[in-house]
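Take a look at the structure below.
The values are calculated or read from the model by the stated rules, or taken from the named source; none is laboratory data. Bear in mind the structure is a predicted one, so any value in this text is a computation, not a measurement. Methodologically, a virtual Cβ is constructed for each residue, glycine included, from the backbone with ideal geometry; neighbour enumeration extends over all protein chains shown.
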Amino acid sequence: MLLAKLECHFTWGLNDANLNDLQNKLKSNIEMSVGEDRNIGWSYSNLAFTKFKQDLLEEARDDLEKAEEHIRKHHGDNCERQLIVTYGNFAWVYYHMGEHAQSQTCLDKLEKIKMQFPTESPAVLHPEIYGEKGRAFLNFSQQYYEKAKECFEKALELEPEEIEWNEGYAVALYRTEFNLTSFEESPASRQLRQVLELDSKNAYMMVLLGLKHADYKEYQRAEELMEKAMDLDPNKPYVIQYVAKFYRKNKQFDKALSLLKRLEEITPNSALLHHQLALIYMSKRKKSIQNGGEEAEALLTLCMQHLNQAISIQPSFVYAMLDLADCYIEKKTFKKAEEMFQETFKVATTNDDSLHVVEVRYADFQLYHMKSVPLAIMHYREGLRLQKDTAEGKRCAQQLKNLLRNPHDGEA
């Protein structure tokens, strides 16, 4: 079938995502991308594919029409190559709707574009295809982040100065980079600076670069970038979100809370936002306990409310589920904590999402609260087996060594 040879969402092997969660994330991306018009068309294309997977063919077609509308509106005379993937998606959807003539019309449009804009060889795709493929991989699942990196690398080989491919590559590097020893050796940091050389007012790249500085304890430089980004784009949801994350990590909880409360008015149905609010309340609670304050219980209640809200919006939000389990531990309701951990194991296993993190958090629960060394060892070993080079894997290894050193622990 000719359709199978197209470069579009239907031929990229996009599987194993929780479609409802992904749709919520994409809708949130669209709401939060006001002004970032170049990304909205891609989000609608991804959304159309998720609707197709749920047999909502008319809704899929409608979303593709919105994608085309945005691309035509915001890419002007250069929009035809930007529409290659969209036309491929249209061809698939129309074919499965039984509208074969419409499907063929889309295929004819594709052939016309390919003749108008030939590539140097059949093995080389248009950079717009690599770029949209990379964006799809970034949006669909973290298991595709490495593939996203490869797509943006190929797009940059063809158009090294194109801001969109440089930005996508920076995000892919940022999401896949762990365990480096210095800011200077970080490929993500170099790429983020590269984007800012091309686009000095890109507030999104600015806050990611700021968080990179913060990762290496360069807090003054990080804060300078955060303040500059807020001056440039004070109402951009993504900017507010990442600046708030910086302030939370830097223990400036009231600043972070003020920003996120403002963001909540713009995007009240963001699972990530509610998770961030919960983390702030959790951090404020720990500080209150250290200072002998009386508001610890009220802060725990607020934390749990936002975690429950995050999970209701995105039912497979593994980190929110783990944090809710920790809240039950804080309340000494260990049965509830156990139930939440078991539910999180199911979600993480089904979606192949952060299972190694669940293993180490559950092992800690068994070791420190349930006093079950055998179960703790079993889960530390599994966490180490799954991801030995991550921070969680290294913690599993260290915990196993600590248990091994205990002469009173025959099981270890």
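Some points to look at:
- Output for the stretch 355-393, where each listed residue is over 19 Å from Y319 (Cβ atoms), of a type in the set (A, V, I, L, M) and surrounded by fewer than 18 Cβ atoms within 10 Å (Cβ to Cβ): M370, V373, L375, M378
- Per the listing E343, E339, E294, E382, the residue uniquely assigned to a helix (DSSP H, G or I) and within 30 Å of A244 (Cβ to Cβ) is E343.
- Taken over the stretch 319-347, residues that are closer than 19 Å to K25 by Cα and at pLDDT 95 or above amount to 3.
- Test: residue in the stretch 14-35 that is part of a helix (DSSP H, G or I) and acidic (D, E): yes
- Among the residues examined, K149 qualifies as within 18 Å of the chain's Cα centre (by Cα), assigned to a helix (DSSP H, G or I) and surrounded by 15 or more Cβ atoms within 10 Å (Cβ to Cβ).
- Every condition in (1) at negative phi; (2) at pLDDT 95 or above is met by G98 except one, and the failing one is (1).
- Annotation: of all residues in the stretch 234-267 being under 18 Å from the mean Cα position of the chain (by Cα) and not in a helix (DSSP H, G or I), the one that is surrounded by the most Cβ atoms within 10 Å (Cβ to Cβ) is K236.
- Of the listed requirements (1) farther than 19 Å from I30 by Cβ; (2) surrounded by fewer than 18 Cβ atoms within 10 Å (Cβ to Cβ); (3) at pLDDT 95 or above; (4) of a type in the set (D, E, K, R), K133 misses just one: (2).
- Restricting attention to the stretch 342-354 and to residues that are of a type outside the set (S, T, Y), out of contact with any Pro (no Cβ under 8 Å at 6 or more places or on another chain) and surrounded by 20 or more Cβ atoms within 10 Å (Cβ to Cβ), the residue that is farthest from Y145 (Cα to Cα) turns out to be A348.
- Any hit, the stretch 351-363, residues being part of a helix (DSSP H, G or I), small (G, A, S) and touching a Gly at 6+ places or on another chain (Cβ under 9 Å): yes
- Qualifying residue in the stretch 299-320 (condition: in a loop (DSSP other than H, G, I, E, B), of a type in the set (G, A, S) and surrounded by fewer than 19 Cβ atoms within 10 Å (Cβ to Cβ)): no
- Within this structure, A278 passes the test of being farther than 21 Å from G210 by Cα, buried (at least 19 other Cβ atoms within 10 Å of the Cβ), modelled with pLDDT of 95 or more and not charged (D, E, K, R).
- When I71, I30 are checked against the criterion of being over 16 Å from I113 (Cβ atoms) and modelled with pLDDT under 95, I30 stands alone in meeting it.
- Looking only at residues in the stretch 103-138 that are among the hydroxyl-bearing types (S, T, Y) and over 22 Å from E69 (Cβ atoms), the one that is nearest to the chain's Cα centre (by Cα) is Y130.
- Number of positions in the stretch 242-259 that are within 17 Å of Y204 (Cβ to Cβ) and of a type in the set (A, V, I, L, M): 3
- Of the residues making up the stretch 86-102, those that are part of a helix (DSSP H, G or I) and within 33 Å of the chain's Cα centre (by Cα) number 11.
- Remark: E161 matches the filter, which requires a residue to be out of contact with any Gly (no Cβ under 9 Å at 6 or more places or on another chain), part of a loop (DSSP other than H, G, I, E, B), at pLDDT 95 or above and farther than 26 Å from E59 by Cα.
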